[in-house]
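Presented below is the structure to which this report refers.
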Amino acid sequence: MDSLSKVFNPLLFEFQIGEHQEKSVIWISFPYTLQVKLHLKNHTKARWSPANKKWYVPDIPHYRNLFQLEQKYYGKSAFKDIHPINQPALERFTEQLLLKGYSPNTIRTYTTEFSQLLKTIRHHPVDALTAEKLRSYFLYCIKKLKLSENLVHSRMNAVKFYFEKVLHREKIFLDIPRPKKPSSLPKAISANDIKKMFEVTENPKHRLLLKLCYGMGLRVSEIVNLKLEDIDTQRMQVLITRAKGKKDRYVNLPESILQEFHSYCDEYNPQEYLFDGRYGGQYSVRSVQMVFKQAMQKAKINKRVGVHSLRHSYATHLIEQGTDIRFVQELLGHKNIKTTMSYTGLTDQTKRKIKSPLDNL
């Protein structure tokens, strides 16, 4: 549980999910005293609504966690689009994912994909679907909806979870083949281009964020979850907690970042997370993606890549400078060495020196 969640006593504060100016919010009620008001203002970025005579904050995961409210994995509109006969199935599906300890991001992804099936079948009970009906549905996803192989895999995983882990129909997917995923190499950015990105990023917070993504090979979920208490500047190590697969690991803090890190902390005064969000709590994944996109545009790098390419670049450049592949695997937090080996396809220096016969003509 978030350490700050303990400061909002449920006997003192009352929370209610609602809407304000066409946006989902959490209304906050409490017996007014100056001390309680200051307490609220110190720990949130709550605003006062004169019309409703209540304080409110946006309905985001950070505040749900802070106020010890149940997390939202699907919106009311999405739930209404599902026929009442299948709404209990969606609730059981989400509950089973929670019981099995899946991450909030995985629960949202699985719930979204499973909801698409429920919307498609309308009033037909999902529990009555046969293997042949499911096969027809996935063909519909490929032929009519033109979904990519990766998205079809994601949807299959969600539906498979419901039938196998909720209904315990273990063999229903035996005769349903999966589309072959395209075999693509990780996309890395050259060291020169990464340096350009840092140079054109003037905002100190954005620049430090990009440097740490690259300098420690972090996933976007890991950079937004990074807390001050996990950064040890004496040992020059950073603890990455509950990363993919709920595994902890240590990565090295780049020495070149130390002065910039201290300057940033002095200027921005982060409280819990290294990078605070607009409404408190952690920085959003979407904001990190926008920072990366803007840096790419300013540096005039014309590559169709996302912020995850900084992690790919970190691995690629480590291998190029001679780092043992097993250490790279450990630093990246890969469960299987085969995943790390995919970067060797980008770093084979000998292969690059081979001249095409065309050059000899």
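The values are calculated or read from the model by the stated rules, or taken from the named source; none is laboratory data. As the structure is a prediction and not an experimental result, all values here were calculated from the model. Glycine gets a Cβ as well: all are built from the backbone with ideal geometry, and neighbour counts include every protein chain shown.
All conditions in (1) over 27 Å from PRO61 (Cβ atoms); (2) in contact (Cβ under 8 Å) with a residue 40 or more places away in the chain hold for SER115, with the sole exception of (1). When the stretch 292-331 is filtered for residues that are buried (at least 21 other Cβ atoms within 10 Å of the Cβ) and closer than 30 Å to TYR63 by Cβ, the ones remaining, listed by number, are PHE292, ALA295, VAL307, LEU310, ARG311.
Filter the stretch 284-302 for residues that are within 19 Å of the chain's Cα centre (by Cα) and closer than 15 Å to THR201 by Cβ and give the result.
We begin by selecting, within the stretch 284-302, every residue within 19 Å of the chain's Cα centre (by Cα); these are 284-293.
Residues satisfying the conditions are SER287, VAL288, GLN289, MET290, VAL291, PHE292, LYS293.
Among the residues of the stretch 59-86, those that are modelled with pLDDT of 90 or more and either surrounded by 13 or more Cβ atoms within 10 Å (Cβ to Cβ) or under 30 Å from GLN271 (Cα atoms) (or both) comprise ILE82, HIS83, ILE85, ASN86. So if I check each of TYR162, TYR214, which one is among the aromatic types (Phe, Trp, Tyr) and either part of a loop (DSSP other than H, G, I, E, B) or within 22 Å of THR106 (Cα to Cα) (or both)? That would be TYR162, the only listed residue that is among the aromatic types (Phe, Trp, Tyr) and either part of a loop (DSSP other than H, G, I, E, B) or within 22 Å of THR106 (Cα to Cα) (or both). Residues that are farther than 26 Å from LEU117 by Cα and hydrophobic (A, V, I, L, M, F, W, C) number at least 1 in the following helices (runs of 4 or more DSSP H) confined to the stretch 7-99: 34-43, 61-66. Among all residues of the stretch 335-355, there is none that is farther than 21 Å from TYR214 by Cα, surrounded by 14 or more Cβ atoms within 10 Å (Cβ to Cβ), at pLDDT below 85 and of a type in the set (Phe, Trp, Tyr).
Restricting attention to the stretch 35-59, the residues that are closer than 17 Å to SER24 by Cα and within 33 Å of the chain's Cα centre (by Cα) total 12. Total residues in the stretch 101-112 satisfying the condition of being part of a loop (DSSP other than H, G, I, E, B) and either within 15 Å of PRO88 (Cβ to Cβ) or touching a residue at least 60 places away in the same chain (Cβ under 8 Å) (or both): the figure is 2.
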